[in-house]
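Trainee: Here it is, the structure in full.
Read-outs throughout are calculated quantities, based only on the coordinates presented, and are distinct from any laboratory measurement. None of these values were measured; they are calculated from a predicted model. All Cβ positions, even for glycine, are placed from backbone atoms using ideal geometry, and neighbour counts span all protein chains on display.
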Amino acid sequence: MKKYGKFAALIAVVIGTLVWLATAEMKDSQTYYKTIPELSQMGDRAYGARVRVGGIVEAGSIKHDGNRTTFVLIQDTSRIPVAYAGSDPLPDTFKDGAEALADGKLGRDGTFQSTKIQAKCASKYEAKPGLKPGEQVPNINSGKS
């Protein structure tokens, strides 16, 4: 019986260690989506904390300077300047008026330092006028010649 007790204890220690490592890794890579007002309400806790903030890209605010891109996210009456210096190229849907998520940290100067940008264009996913949802545009080139 002593053999089985030691074996069970060893298995419990190994499983406990694996669970601890998995949860520690998940917590480190976990980010929360915050709105601009929520980020402002965090106060000093927002500085240096890894968060994801979302909003609409302000028209005319996108500026490219080498590998660095700056722009402004807006939501209602709130706005936040964002500086992106990541290695990944910006998404094709990243443009004025696009809904965007910036992943990074808020700097003491009030600029959100982003390492990852995600963007989507809602109009791309809406049905074309005159079509029912799920209906495709007819191919005019597939007819008889």
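Trainee: At a Förster distance of 41 Å, what's the computed FRET efficiency of ARG108 paired with ALA59, Cβ-Cβ distance as r, to 0.05?
Mentor: Step by step, r from the Cβ atoms, then E = 0.90.
Trainee: Right, next: Averaging sequence separations of C-alpha pairs under 8 Å and six or more residues apart, then dividing by the length of region 31-122, give the relative contact order as a whole percent.
Mentor: 28
Trainee: What net charge do the residues around THR111 carry, taking every other residue with its C-beta under 12 Å from that of THR111, with Lys and Arg at +1 and Asp and Glu at -1?
Mentor: +3
Trainee: Mind listing the phi-derived Karplus ³J(HN,Hα) values for region 69-77, rounded to whole Hz, using 6.51, -1.76 and 1.60 with θ = phi - 60°, and x for any glycine or proline?
Mentor: Whole-Hz 3J(HN,Hα) from phi for region 69-77: 10, 10, 7, 10, 9, 10, 7, 6, 9.
Trainee: While we're here: Rounded to whole Å and sorted largest first, list the principal axis extents of the Cα atoms in region 31-122.
Mentor: Principal-axis extents of region 31-122 (Cα, largest first): 33, 27, 21 Å.
Trainee: Within region 87-116, whose backbone N sits under 20 Å from a point 7 Å along Cα→Cβ of ARG68?
Mentor: Label zone hits: 87-91, 102-116.
Trainee: Right, something else. At 0.36 nm per residue, and after removing the present C-alpha to C-alpha distance, how many nm does the segment from LYS95 to GLN41 gain when stretched out fully? Mind showing how you got there, number by number?
Mentor: On the way: separation 54, 0.36 × 54 = 19.44 nm, distance 2.74 nm.
Result: 16.7 nm gained on full extension.
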